[in-house]
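Comments concern the structure below.
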Amino acid sequence: MQSLQQKASEWSGVHPSDAFAIDETNLFEALGGIQPFIDLSTNFYNRVYEDDEEWFHSIFANSVKEDAIRNQYEFFVQRMGGPPLYSERKGHPALIGRHRPFPVTHAAAERWLHHMQLALDSVAQIDPDSKVKMMNFFRHTAFFLVAGDELKNQRQGVACKHAASKPSSG
């Protein structure tokens, strides 16, 4: 059985060494601190909340945009070499668990990545090399979450089959 990381690499087309090239440089410092991450997340979620694809937009319907922006930029800051803002406020990122309520499908990952690429392209403070590293990380991570969602669905299917096969006690 393939690991989630192996599936993420296969589905994203991003080799792990490219996905984790963000760890070779402290991007938080290289990009000048927190502002580029705030700008990226704000631009990204503005796009998401204005998305004209109802199926995609509905994924975020129960989220507060300002909270989503903060969660994302704090996670990015932490993951890319800055202070642990996200963990201090919310605990371990636990990406698969935190995304469990959402349908993290291949189509949703691609739509998310579409908006992230446009948002990245719009942030002038992020240099082209950093944009490539970040996008490789985002692409790999998006499909890591897809793999996690599929695993969750498989486990739920097994649990349902197991529950259905138990004789009723009535």
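The values are calculated or read from the model by the stated rules, or taken from the named source; none is laboratory data. These figures come from a predicted structure and were not determined experimentally. For neighbour counting, all protein chains shown are included, and Cβ atoms are generated from backbone atoms with ideal geometry for every residue, glycine included.
Annotation note: of Lys65, Lys90, the sole residue that is of a type in the set (D, E, K, R), surrounded by fewer than 16 Cβ atoms within 10 Å (Cβ to Cβ) and at pLDDT below 80 is Lys90. Among the conditions (1) at pLDDT 85 or above; (2) within 14 Å of the chain's Cα centre (by Cα); (3) part of a loop (DSSP other than H, G, I, E, B), the only one that Gly81 does not satisfy is (2).
Count, please, the residues in segment 25-35 that happen to be in a helix (DSSP H, G or I) and in contact with an Asp or Glu (Cβ under 9 Å, 6 or more places away or on another chain).
Of the residues in segment 25-35, 1 are in a helix (DSSP H, G or I) and in contact with an Asp or Glu (Cβ under 9 Å, 6 or more places away or on another chain).
Would you confirm, using the coordinates I've provided, whether Ser12 is polar (S, T, N, Q), modelled with pLDDT under 95 and exposed (fewer than 13 other Cβ atoms within 10 Å of the Cβ)? Break it down into steps so the answer makes sense when it comes.
Working: polar (S, T, N, Q): yes; modelled with pLDDT under 95: yes; exposed (fewer than 13 other Cβ atoms within 10 Å of the Cβ): no.
Judged against the criteria, Ser12 is not a match.
Hey, among Asp39, Asp51, which residue is surrounded by fewer than 19 Cβ atoms within 10 Å (Cβ to Cβ), in contact (Cβ under 8 Å) with a residue 40 or more places away in the chain, among the charged types (D, E, K, R) and in a loop (DSSP other than H, G, I, E, B)?
Within the list Asp39, Asp51, the selection yields Asp51.
With the structure loaded, tell me whether Ile22 is of a type outside the set (Gly, Ala, Ser), farther than 17 Å from Arg139 by Cβ and either over 15 Å from the mean Cα position of the chain (by Cα) or part of a helix (DSSP H, G or I) (or both) or whether it fails that test. Judged against the criteria, Ile22 is not a match. Restricting Lys161, Lys131 to residues that are out of contact with any strand residue (DSSP E or B) (no Cβ under 7 Å at 6 or more places or on another chain), part of a helix (DSSP H, G or I) and at pLDDT 60 or above narrows the list to Lys131.
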